[in-house]
Amino acid sequence: MEPTRRHVEKLLHAQARDNAARDARIAALEAEGYRIVAVGQVGACGEDGKAFWEVRDWRTDELLASGRSEARNTFSATRDEWWDIGRIWADVAPGEVEPTEGVPPSLAETLADWLSLASTSDEEVAEYVGWSVEQVKRSRG
């Protein structure tokens, strides 16, 4: 197999492991009674340094809270039973991908970037590595 294809396969396997770790962390938190939320700024900061923000349920996208404030911390910690998905992604460190012989480090990084782009379709990746689209979807999460 050509080295770049082999490297993309390694990246897909690593993504699958990372997604499994993330899913296990989410399941554990939900079992403890936490609601997983996505917290984010939804506009640029004004001249006063304040920005609009919102909190959405990570699973349903339901809007749970919104407002405008200076510090993100003022709304990220508003509810003890909420757990920000950003914290989970930060806690679940991505797995290391071993270098692939014949793939320079800068190309390996570019391949990882390509795979992470929303504009890179599962179909395109599947065609490149010779996997089914379903296998790629499962790996990419």
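A single member of 100, 120, 60, 110 is touching a residue at least 24 places away in the same chain (Cβ under 8 Å), of a type in the set (S, T, N, Q) and either in a loop (DSSP other than H, G, I, E, B) or more than 20 Å from residue 141 (Cβ to Cβ) (or both), and it is 100.
Quick check on region 18-34. Is at least one of its residues touching a Pro at 6+ places or on another chain (Cβ under 7 Å) and in contact (Cβ under 8 Å) with a residue 40 or more places away in the chain? There is at least one residue in region 18-34 that is touching a Pro at 6+ places or on another chain (Cβ under 7 Å) and in contact (Cβ under 8 Å) with a residue 40 or more places away in the chain.
Among residues of region 63-88 being part of a helix (DSSP H, G or I) and at pLDDT 85 or above, the one that is nearest to residue 10 (Cα to Cα) is 88. Among the residues making up region 123-141, those that are at pLDDT 95 or above, out of contact with any Leu (no Cβ under 9 Å at 6 or more places or on another chain) and outside any helix (DSSP H, G or I) are 130, 132.
Of all residues being surrounded by 17 or more Cβ atoms within 10 Å (Cβ to Cβ) and among the charged types (D, E, K, R) in region 10-21, which is nearest to residue 84 (Cα to Cα)? Just the residue, please. Only one residue fits best here, namely 18. Taking the listed residues 81, 127, the one that is in contact with a Phe, Trp or Tyr (Cβ under 8 Å, 6 or more places away or on another chain) and surrounded by fewer than 14 Cβ atoms within 10 Å (Cβ to Cβ) is 81, with no other qualifying. Tallying residues that are surrounded by 13 or more Cβ atoms within 10 Å (Cβ to Cβ) and more than 30 Å from residue 38 (Cβ to Cβ) within region 89-104 yields 2.
Residues in region 28-49 that are closer than 12 Å to residue 85 by Cα and small (Gly, Ala, Ser): 38, 40.
The values are calculated or read from the model by the stated rules, or taken from the named source; none is laboratory data. Because the structure is a prediction, the values reported are computed rather than measured. Counting neighbours? That spans all protein chains shown, and the Cβs are built from the backbone with ideal geometry, glycine included.
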